[in-house]
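Working notes, structure below.
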Amino acid sequence: MASVAEQLERLTANCVDVVTREDLSARLMQGRPLRVKLGIDPSGPMLHLGHAVVLRQLRAFQDCGHKAVLVVGDFTAQIGDPTGRVNSRKPRTPEQIREDMRSYAEQASLVLDIEKAEIRYNSEWLGPLSFSNLIGLLATSTVARMLERDDFSKRYAEGAPIGLHEFMYPISQAYDSVMLDADVELGGTEQLFNLMMGRRLQDDLGKPPQICMTLPILEGTDGVQRMGKSLDNFIALREEPAQMFGKIMSLPDALLERYWRLATDKSTAEADNIVAEIKSGALAPRDAKVALAETIVRLYHGKPAAMDAREHFERTVVRKEMPTDIPVFELASELTAAPLAKVLVAVGFASSGREAQRLIKDGAIKVDGARADGEESANTSWSGKVLQKGNHRFVRLT
């Protein structure tokens with residue numbers, strides 16, 4: 001285990017909040033492995049680079065000899081995290097949650113040493129909680145404290161509904177920390193209130209209060225809003241290498257520094273050097289973006305895949321050529337001469353006919369290299385044609 005000073009430097013790098021640094025130093029000086037908690041609620045089947053920011057911080061604790069505790073919020077997902085919401089989140093069903101949970105550990109293993117991590121599901125202790133125990137937990141907080149949260153206070157001031165069940169989310173997340181004896185809890189900056197609830201509840205119940213550490217929120221591919229599946233501005237950890245490379249190349253130049261610091265495995269010093277070169281003009285933004293795309297694809301798919309993804313980008317986007325390894329899709333007989341919108345849904349380029357029509361209207365679809373104009377009729381024979389969505393997705397129809 002590294003020295004306390006070395007650990008502090010590494011473990012607080014990129015952190016926005018550390019409550020408190022003195023507590024963390026004191027806990028590290030005990031010389032024992034700390035229990036470091038990170039909670040992830042199943043909210044869709046894919047983890048993305050935004051999740052990886054905190055996962056990578058959890059891995060840093062592992063590398064320093066501490067215990068990573070990954071909490072899958074299968075129970076709290078039924079409540080729905082109200083953080084940042086302007087209205088009540090619709091509760092999710094157990095079936096939806098189980099579907100999303102299925103691949104979380106496997107995806108997290110792309111960053112964590114999953115064999116050494118402790119993976120827990122909070123239904124283990126929240127499910128059997130009795131009503132009398134629940135009342136006892138609720139008695140540890142107040143409505144005034146809940147309204148300290150920006151999202152709750154704004155909704156209250158605007159007269160927007162706040163469900164009582166929403167107050168249960170931070171209490172439940174706090175109880176996770178109690179049951180797991182967490183020394184440290186990690187989260188995004190928007191999670192600070194929830195993390196602090198855990199610290200307070202542990203203290204109220206006579207346990208050492210956890211250290212709360214937050215990481216910056218990573219913006220999505222639109223360059224404005226936080227990365228999220230509902231906004232369709234995410235880069236999934238299991239994204240196909242060529243698509244991952246292409247999405248990174250489409251990032252606004254203004255996000256280069258954020259991504260080098262938060263989405264790669266570069267040290268603070270290495271990221272500082274790269275950012276300094278970009279700002280001085282020694283490294284052109286496009287070259288910095290190519291290097292960034294290669295670095296991130298390598299992290300999740302390996303070096304050969306990163307090199308192939310770059311070659312694919314140069315061929316299809318820069319030189320406007322067709323890729324050499326286009327996947328083949330066999331159409332059902334009733335679709336061989338169907339309208340283009342139906343074909344796009346069948347091959348997975350669109351989730352509905354309405355989305356397909358929008359893609360065609362926006363010029364995002366090409367047929368044999370030519371932009372589709374929406375005039376394709378039901379008499380068109382699709383056999384042998386190549387469909388293209390954007391710059392990175394191709395399929396040959398048979």
For residue 130 and residue 13, calculate 0.36 nm times their separation in residues minus their Cα-Cα distance, and state this gained length in nm to one decimal.
-> 38.1 nm
Percent of beta bridges antiparallel (DSSP, the chain, rounded to nearest 5) = 40
Cross-link reach list, lysines versus residue 37, counting only Cα pairs under 27 Å and skipping chain neighbours closer than eight places = 67, 90, 116, 207, 229, 266
Hey, could you get me the Stokes-Einstein D for region 175-314, Kirkwood radius over alpha-carbon pairs, 4 °C and 1.567 mPa s, rounded to whole µm² s⁻¹?
-> 76
CD proxy at 222 nm, helix term only [per DSSP H run n ≥ 4: -39500 (n - 2.57); per residue of the chain; nearest 500] | -12500 deg cm²/dmol
Stretch residue 160-residue 270 to full length: gain in nm at 0.36 nm per residue minus the Cα-Cα span?
-> 34.9 nm
Under a point spin-label approximation (7 Å from Cα along Cα-to-Cβ), what is the residue 29-residue 277 distance to one decimal in nm?
-> 4.1
What whole number of Å gives the distance from the Cα centroid of region 180-195 to the Cα centroid of region 261-319?
-> 31
What order do you get for 103, 280, 383 when you list them from fewest to most C-beta neighbours inside 10 Å?
-> 280, 383, 103
What's the extension gain from residue 317 to residue 371 if we count 0.36 nm per residue and subtract their Cα-Cα distance?
-> 18.0 nm
Cross-link partners among aspartates and glutamates for residue 361, C-alpha distance below 15 Å, same-chain residues fewer than 8 apart left out?
-> 373, 375, 376
Tilt relative to the chain, helix 192-204 - C-alpha long axis, 0 to 90 degrees, to 10 | 30
Could you put 318, 367 in order, starting from the residue whose Cβ has the fewest other Cβ atoms within 10 Å?
-> 318, 367
Suppose R0 equals 51 Å; then what is the FRET efficiency for residue 6 and residue 355 from their Cβ-Cβ distance, rounded to the nearest 0.05?
-> 0.50
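Throughout, read-outs are computed from the coordinates displayed, never taken from laboratory work. These numbers were taken from a predicted model, which means no experiment stands behind them. When we count neighbours, we look across all protein chains shown, and the Cβ atoms used for this are built from the backbone with ideal geometry, even at glycine.
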